[in-house]
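**Student:** Below are the structure tokens for one structure; questions will follow.
The values are calculated or read from the model by the stated rules, or taken from the named source; none is laboratory data. Note that this is a predicted model, so its numbers are computed, not measured. Don't worry about glycine lacking a Cβ; one is built from the backbone with ideal geometry, like all the others, and counts go over all protein chains shown. Accessible surface is based on the protein model in full, side chains and every heavy atom, while ligands, DNA and RNA are left aside. Shrake-Rupley method; radii C 1.70, N 1.55, O 1.52, S 1.80 Å.
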Amino acid sequence: MLYRKQIGKEQAYQKAKHYCSYQERCHYEVKEKLYSFGLYKQQVEELLSQLIEEDYLNEERFAIQFAGGKFRIKQWGRVKIKHELKQKMVSDYCIKKALRQIEEE
């Protein structure tokens with residue numbers, strides 16, 4: 001069994017803020033990161049909503065940046081981008097919005 005040292009909720013929150021401000025993240029990535037700190041479901045949900053309220057975490061913004069970057073820099077097609085966003089548990093609404101942004105460019 002892999003044992004992780006559990007950190008406090010406040011310390012986890014500070015680390016998550018840094019994690020989100022360094023680069024756009026999807027909810028799934030941040031949730032996994034918070035669980036890796038040894039937090040419980042209730043704490044993870046509270047911190048996620050706090051990060052969303054304070055605009056550190058915005059899935060729509062993440063999807064648009066992800067899609068635009070992969071399209072321009074990696075030359076990915078729409079199908080591959082859509083598949084990758086689905087893998088990251090991004091909502092259909094955000095995926096559609098991100099793909100529409102590409103078409104406008």
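**Student:** Does residue 9 satisfy the condition of being farther than 25 Å from residue 84 by Cβ and either among the small types (Gly, Ala, Ser) or open to solvent by 50 Å² or more (accessible area, probe 1.4 Å) (or both)? I'd like the intermediate steps shown before the answer.
**Tutor:** Values: farther than 25 Å from residue 84 by Cβ: yes; either among the small types (Gly, Ala, Ser) or open to solvent by 50 Å² or more (accessible area, probe 1.4 Å) (or both): yes.
Criteria met by residue 9.
**Student:** What residue, of 82, 41, 86, 96, is closer than 28 Å to residue 13 by Cα, modelled with pLDDT of 95 or more and basic (Lys, Arg)?
**Tutor:** Every option except 86 fails the conditions.
**Student:** Has the range 8-18 got at least one residue that is more than 27 Å from residue 67 (Cβ to Cβ) and part of a loop (DSSP other than H, G, I, E, B)?
**Tutor:** Yes, there is a match, as at least one residue in the range 8-18 is more than 27 Å from residue 67 (Cβ to Cβ) and part of a loop (DSSP other than H, G, I, E, B).
**Student:** Using the structure shown, decide if residue 91 is at negative phi, over 14 Å from the mean Cα position of the chain (by Cα) and not acidic (Asp, Glu).
**Tutor:** It is false that residue 91 is at negative phi, over 14 Å from the mean Cα position of the chain (by Cα) and not acidic (Asp, Glu).
**Student:** With the requirement that a residue be in a helix (DSSP H, G or I) and among the polar types (S, T, N, Q), what does the range 19-28 give you?
**Tutor:** Correct list: 21 only.
**Student:** Could you list, in sequence order, all residues of the range 37-53 that are of a type in the set (D, E, K, R) and under 20 Å from residue 90 (Cβ atoms)?
**Tutor:** Result: 45, 53.
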